[in-house]
Amino acid sequence: MSEAQEVTPEDADTVVKMEKSVTNPAVSTEEVAEELGVSTEEAFELLDESPRPSGKPVGDTHIWW
């Protein structure tokens, strides 16, 4: 059995940078979680600790840019 790769706040930051565009300037916590293969809660914690993305709550989710 292989060990799970550790995901870092910098990985979360990279996902936000890759996913956002002019037509989609923000990324949801759920999108980051799916891309990293982690839970929504873990993705939120990673994003909250990451060096660059800013975020805010929108409805039932959080968005990041």
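Relative contact order for the chain: what is it in percent, counting Cα pairs under 8 Å that are at least 6 residues apart? Each step should come with its number before you reach the end.
Values: 77 pairs, mean separation 25.3, N = 65.
Result for the chain is 39 percent.
What's the magnitude of the charge dipole for the chain around its Cα centre, counting Lys and Arg as +1 and Asp and Glu as -1 at the beta-carbon? Answer in Debye, nearest 20. Numbers along the way, then the final one.
Values: 4 positive and 16 negative charges, 94 e Å.
Roughly 440 debye for the chain.
Could you work out [θ]222 nm for the chain from helices alone, using -39500 (n - 2.57) per DSSP H run of at least four and dividing by all its residues? Round to the nearest 500 deg cm²/dmol. Present the calculation step by step, with values, prior to reporting the outcome.
Details: 3 runs with 29 residues, N = 65.
That calculation yields -13000 deg cm²/dmol at 222 nm.
Which of 12, 38, 23 sits farthest toward the positive end of the charge dipole of the stretch 9-64, with +1 on the Cβ of Lys and Arg and -1 on the Cβ of Asp and Glu?
Farthest along the dipole direction, towards plus: 23.
Quick one: which residues, 5 or more positions from residue 62 or on another chain, have an amide H under 5 Å from its amide H? H modelled 1.01 Å from N in the peptide plane, none for Pro or chain starts.
Those qualifying (amide H under 5 Å, at least 5 residues apart or on another chain) are 29, 30.
Laboratory data are not the source of any read-out in this text; all were calculated from the coordinates shown. Treat the numbers as computed from the prediction; the structure is a model and nothing was measured. In this analysis, Cβ positions are derived from the backbone assuming ideal geometry, glycine residues included, and neighbour counts consider all displayed protein chains.
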